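The structure appears right after this line, and notes come after that.
The values are calculated or read from the model by the stated rules, or taken from the named source; none is laboratory data. All values reported here derive from a predicted model rather than from experimental measurement. Glycine also receives a Cβ, built like all others from the backbone with ideal geometry; neighbour counts cover every protein chain displayed. Remember, those area values only see protein heavy atoms, side chains included, never the ligands or the DNA or RNA. Shrake-Rupley method; radii C 1.70, N 1.55, O 1.52, S 1.80 Å.
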Amino acid sequence: MANSEIRQVAARLLCHLPEPDERRTAGALMCTANELGCRFGLPSAVERLPGWKEPSRAHDVGRWGARLASLASNLRAPVAHTILLEAAAFNLAVALFDTVVDDMPELLPPLAAALHPAVLAQCIDDANPRAIERTPVPDDLEIVVCLFGYVLASAGRRYRRHPATRAELLGLLRRMYESELGGSPDHSAAKILPVVWISRLAGAHHGSGTSGMFQKLAQFIARWDDAQDLREDWLRCRYNAYLTNSDGRWSPLRGVLVGTSRVVFAQRSLTSISDDLERSLIEVLTTAEACGRRRAAASFLADLIGRAA
């Protein structure tokens, strides 16, 4: 979608939301992002990767991960700081992995081997990053390995006495891995499940009201990103929810055809996407209301959407 169309959709969505209010968490989020940078040598550790030369990008991606975790209502000190740092590192790690998949496919095999689900399972079960770090990867990709290793080892220590939670975290990671690398027909999992995974880090257990809110939020964020990336995904034949038919199944040929239809019938396409995003946004706010997190969720969404307005 063109920038003018995105701004038009954003203005419609913002009618449902208050002004963003991050005052209660701003300090903690800033400290988390700064610690992430110090711990992993950011931004210099990522600046050689495509699209990561802007010094503030790594900081911002980490901060958004921490902010997602902060939406969980049960964060308490001193573990809260650890959870925010884990979420920040995980969000950055996933974003960097996406960069390799999309823009550095020639370097993907060694990274995929280092992050194979069996290796990740050993890392979280042993609460030690060595299982990941001993798999050789190109120098520019060591930061990705280090981030994943840190997150899994830290989560493994926190959930050492909770094998069911560790198993769920690993199950979600496997689904993300298979979705990202084309080993699963569920192409949406790679976009939706990272937010769900962060929610589990923050203690939003499956079946809880907070978990339901995060599920709806994950779906909205994925669709919002897809709306903004629609034209690029169409040109590059990449999965996009708005390039699939109603059954959600994906094929590059189908994506090209659906994308062409959206270009030809641009106004109809814009209206349908706006309607879909509005429905998704209202679902987030409804589930957030049910678990007492509407204010926090609305502020998060207002900040997210407002950046495109």
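Side notes on the structure shown:
- Chain lengthening between residue 206 and residue 81 when straightened (0.36 nm per residue, less Cα-Cα): 42.8 nm
- Compared with the direct C-alpha span, the chain from residue 3 to residue 30 gains 6.8 nm at full extension, assuming 0.36 nm per residue.
- Counting only heavy atoms of the protein chains and using a 1.4 Å probe, residue 85 has close to 0 Å² of accessible surface.
- Heavy-atom accessible area for residue 16, with the other protein chains in place and a 1.4 Å probe, reaches approximately 70 Å².
- Annotation for residue 130 and residue 98: the two label points, set 7 Å from Cα along the Cα-Cβ direction, are 3.4 nm apart.
- Dipole magnitude (debye, nearest 20) for region 228-309, charges at Cβ of Lys, Arg, Asp, Glu: 140
- Rounded to whole Å, sorted largest first: equivalent-ellipsoid semi-axes of region 120-161, Cα gyration tensor: 20, 9, 5
- Accessible surface of the chain [probe 1.4 Å, protein heavy atoms]: carbon and sulfur percent: 53
- Computed over region 64-124, the P(r) curve from all C-alpha pair distances, binned at 5 Å from the origin, holds 4, 16, 18, 18, 17, 14, 8, 4, 0 percent per bin.
- Translational D in µm²/s for region 1-152 (Stokes-Einstein at 25 °C, 0.890 mPa s, Kirkwood Rh from C-alpha pairs): 145
- Debye, to nearest 20: dipole size of region 125-263, +1 on Lys, Arg Cβ, -1 on Asp, Glu Cβ: 480
- Cα-projected label distance for residue 48 with residue 16, points at 7 Å along beta-carbon direction, nm: 4.4
- Full-stretch length increase - residue 282, residue 108 - with 0.36 nm per residue and alpha-carbon distance subtracted: 58.8 nm
- Size of electric dipole in the chain: Cβ of Lys, Arg +1 and of Asp, Glu -1, about Cα centre, debye, nearest 20: 820
- Choice from 208, 179, 199 showing the highest fluctuation, given a GNM over the chain with Cα pairs closer than 10 Å: 208
- Sum of -39500 (n - 2.57) over DSSP H runs of 4+, divided by residues of the chain (222 nm, nearest 500): -22500 deg cm²/dmol
- Using a probe of 1.4 Å, the accessible surface attributed to residue 260 totals some 60 Å² when neighbouring protein chains are kept in position.
- Think of a 1.4 Å ball rolled over the protein heavy atoms: the chain then has 46 Å² of accessible area per residue.
- Heavy-atom SASA rank of 145, 101 (probe 1.4 Å, accessible area, largest first): 101, 145
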